[in-house]
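Structure, as structure tokens:
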Amino acid sequence: MSYSDKEQWYRQIIMDHYNLPRNKGLVDSESYTTVHLKNPSCGDDLKIQIELVGDIITDIRYEGSGCAICCSSASMLTENVKNKSVQAAEKIISNFSLMITGQLGYDEDILGEAISLQGVAHLPPRIKCATLGYKALERLLLKSNIDDEDIQEVK
Ligand code: ZN
């Protein structure tokens, strides 16, 4: 596949998730935990909700509004980590972080359709858009604080 074919194909994946979001809409249940993050520089506003049974993410939902990169990235993330272990999800998060910041050595196979966001590494202002869902999931899984001064957590 030529470079431009690949770009075209990646764009189609991104628009498909934007137009037909997967796992969208939150559930009102005590077995779920939710994190709400905002990326004020772009206006992205995202909630990620997970249900953990033991070590497995048995369900993951999202709700929010924002640019196509933010929303489609969250949609792809939910598809990729659903029914996976916490450890597998952490591996996906760290590999995505390498890819989206333009570093080498990430595993394309475990990123699933998120590989379509590869080009965002060349668009620094959009990196936070693509990463917002991952930051929220990381916060849910590791209970870690948001280590990014530009991203706000809504309590
Ligand atoms: Zn955005």
Hz values of 3J(HN,Hα) by residue in the stretch 27-32 - Karplus curve (6.51, -1.76, 1.60), Gly and Pro given as x: 10, 9, 8, 6, 7, 10
Percent carbon-and-sulfur accessible area, the chain, ignoring ligands, DNA and RNA, probe 1.4 Å: 49
Largest to smallest accessible area among Tyr18, Tyr10 [probe 1.4 Å]: Tyr18, Tyr10
Per-residue [θ]222 nm for the chain (sum of -39500 (n - 2.57) over DSSP H runs n ≥ 4, rounded to 500): -14500 deg cm²/dmol
Over 22 Å between alpha carbons, listed pairs Lys24/Lys84; Lys38/Lys128; Lys6/Lys91; Lys38/Lys84; Lys47/Lys135: Lys6/Lys91; Lys38/Lys84
Disulfide-incompatible cysteines by the Cβ rule (no partner under 4.7 Å) in the chain: Cys42, Cys67, Cys71
Karplus (6.51, -1.76, 1.60) ³J(HN,Hα), θ = phi - 60°, over the stretch 73-79, in Hz, Gly and Pro reported as x: 4, 5, 4, 5, 4, 4, 5
FRET efficiency, 1/(1 + (r/R0)^6) with R0 41 Å, evaluated for Glu149 and Ile110 via beta carbons: 0.90
Cα-derived Rg to Rh of the chain, Kirkwood definition: 0.94
Whole-number accessible area per residue in Å² for the chain, which is evaluated in the context of all protein chains at 1.4 Å: 52
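The values are calculated or read from the model by the stated rules, or taken from the named source; none is laboratory data. Not measured: the values here are computed from a predicted model. Cβ coordinates were reconstructed from backbone atoms using ideal geometry, including for glycine residues, and neighbour counts include every protein chain displayed. Surface areas here come from the heavy atoms of the whole protein model, side chains and all, with no ligands, DNA or RNA. Shrake-Rupley method; radii C 1.70, N 1.55, O 1.52, S 1.80 Å.
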